[in-house]
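Below is one structure; the comments refer to it alone.
Values quoted throughout were computed directly from the atomic coordinates according to the rules given, and no laboratory measurement underlies them. Only a predicted model underlies this, so the values are computations on that prediction, with no experimental measurement involved. All Cβ positions, even for glycine, are placed from backbone atoms using ideal geometry, and neighbour counts span all protein chains on display.
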Amino acid sequence: MTNALISGLVLPSGNLEAYQNAVNSIPLLTAEEESELAERYREQNELDAAWRLVAAHLRFVVRIAKDYSGYGLPQEDLIQEGNIGLMKAVKRFDTRFGVRLVSFAVHWIRAEIHEFILRNWRIVKVATTKAQRKLFFNLRRAKRRLGWLNREEIGEIAGDLGVKETTVVDMEQRLSALDASFDGALDEPGEDERIPPAGYLPDMRFDPATVTEASDWAEKSRKQVHRALDMLDERSRDIIEKRWFGETKATLQDLARQYGVSAERIRQLENNALAKLRASLA
């Protein structure tokens, strides 16, 4: 969480407990105060009124974020995303809706947290359709016991959530699967270890065609660089070779003393020479 200045209050960063204590100390708004601030922001675009609305509701974001602590993501990040949702809610809030801001903001806070979890919970997206998203956030709650669901439980969950039974089965398999390293260790895997996917690929490093291709490419690149260097004047070529191809890289000051010019002039010559090399190698 970043530092934020809200109505004169500096919220601490880097310490979750201190942050929670700080937001809990911010006074809640009465319905009249909330309505007045919302009107001032909507009609006069008064940012201070918006920040006061946000500040008074930060504690609710912390409470909502705690509901998602089982996904293995940092609580600070969940709160940060929830705060973004709260800001979006304040921007769209209108007292004519006939509800308090906290009731209106819950949807936006949860939506931002949901998106963050879906983006970061797995390397591969675990839920893409609307039905899959609904299942992702409800399946674990709906399961009455650990282990795989039986046919009756699958039918009940599908009916409760309004999705197909096949969608429930597919999502259960996705949630139960673990991310695997593509190129993990291959040294004598034990009983509980699996050979990573990379282990099933053929090793092409010593294939004659691969070796020949790499050698030809290296030779072609070497010749192109030499031809490009030959196009430079003697001084520019010397600067490039000493700056980029020598065992020890010459400094601008060293070359400035050698040619009796300023270090800035050497830098200009180097940049011009590099631009010509890039153009000839393109």
Q | Coil-residue trypsin sites (Lys or Arg not before Pro) of the stretch 200-282, DSSP, other Cβ within 10 Å capped at 11 | A | R205, K249
Q.
Could you give the length gained by full extension between A111 and S280, i.e. 0.36 nm per residue of separation minus their alpha carbon distance, to one decimal place?
A. 55.7 nm
Q. Calculated FRET efficiency, A214 and D254, Cβ-Cβ r, R0 45 Å, to nearest 0.05?
A. 0.80
